[in-house]
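Enquirer: My questions all concern the structure below.
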Amino acid sequence: MTGDTHLRAELYLRGDTYGTFDAQQSVLNRVKRLEANGVFTDSMIAGEWQRIRTMAEDKRSGALATYEEFRDWTERNGFSLEPAFERRNRSYVGLDRVDDVVVFPVVSLAIYDDTQLQAVFPCTDAEESHTYTVGDALEAFERGDEEWLAQFDTVTVGRTEPWLEPGVETPI
């Protein structure tokens, strides 16, 4: 990528899944290598979220604020966060209560340039004919394809730090 771009990679990992640790570590290692090679000026595990977050009672509102930020980006670009992110209703046995919840993916990646959200992965185009995965994004960065990221419109987010507490740093 060009020297005047200061890309920050925020990696989000879901911590309540089994059998995904190696795949998550592989993505983390690729992101760290891209940072070491100067593609990203900064990268971090921006936070670890759980599978389901209740809109009304979430005590870690950063997960839902991040989701809303990502959703704003997809709407501007004519994309959808589904099926990787799922928003649905959850009911409770024996209760009349139904909550609006978000189910988060095992791995997601957001790319920022200062206060501009450049892209979110995974995302799906409006026709649902193509899903851009975290792997697609990393492959484009690894091959030095400067034009690939330009296909997405940015959204100003007004922040330079993740909404969620940074996760535990893992060496390459």
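The values are calculated or read from the model by the stated rules, or taken from the named source; none is laboratory data. If you're wondering where the values come from, they're calculated on a predicted model, not measured in any experiment. Please note: Cβ atoms are built from the backbone with ideal geometry, for glycine as well, and neighbour counts cover all protein chains shown. Keep in mind that these areas ignore ligands, DNA and RNA; they rest on the heavy atoms of the full protein, side chains included. Shrake-Rupley method; radii C 1.70, N 1.55, O 1.52, S 1.80 Å.
Enquirer: Tell me the carbon and sulfur percent of the accessible area for segment 65-166, rounded to whole percent, probe radius 1.4 Å.
Expert: With neighbouring chains kept in place, the figure for segment 65-166 is 44 percent.
Enquirer: Also: Determine the gain in length on full extension of the stretch residue 21-residue 97; use 0.36 nm per residue of separation and subtract their C-alpha separation, reporting nm with one decimal.
Expert: 24.0 nm
Enquirer: Please compute the modelled spin-label separation between residue 37 and residue 116, points set 7 Å along Cα→Cβ, answer in nm with one decimal.
Expert: Between residue 116 and residue 37, the simple spin-label model gives 2.3 nm.
Enquirer: Further question on the same structure: Send over a whole-number figure in Å² for the accessible area per residue of segment 75-156, probe 1.4 Å.
Expert: 51
Enquirer: Can I ask one more? Quick check: net charge around residue 69, other residues with Cβ under 12 Å of its Cβ, Lys/Arg +1 and Asp/Glu -1?
Expert: The answer is -1.
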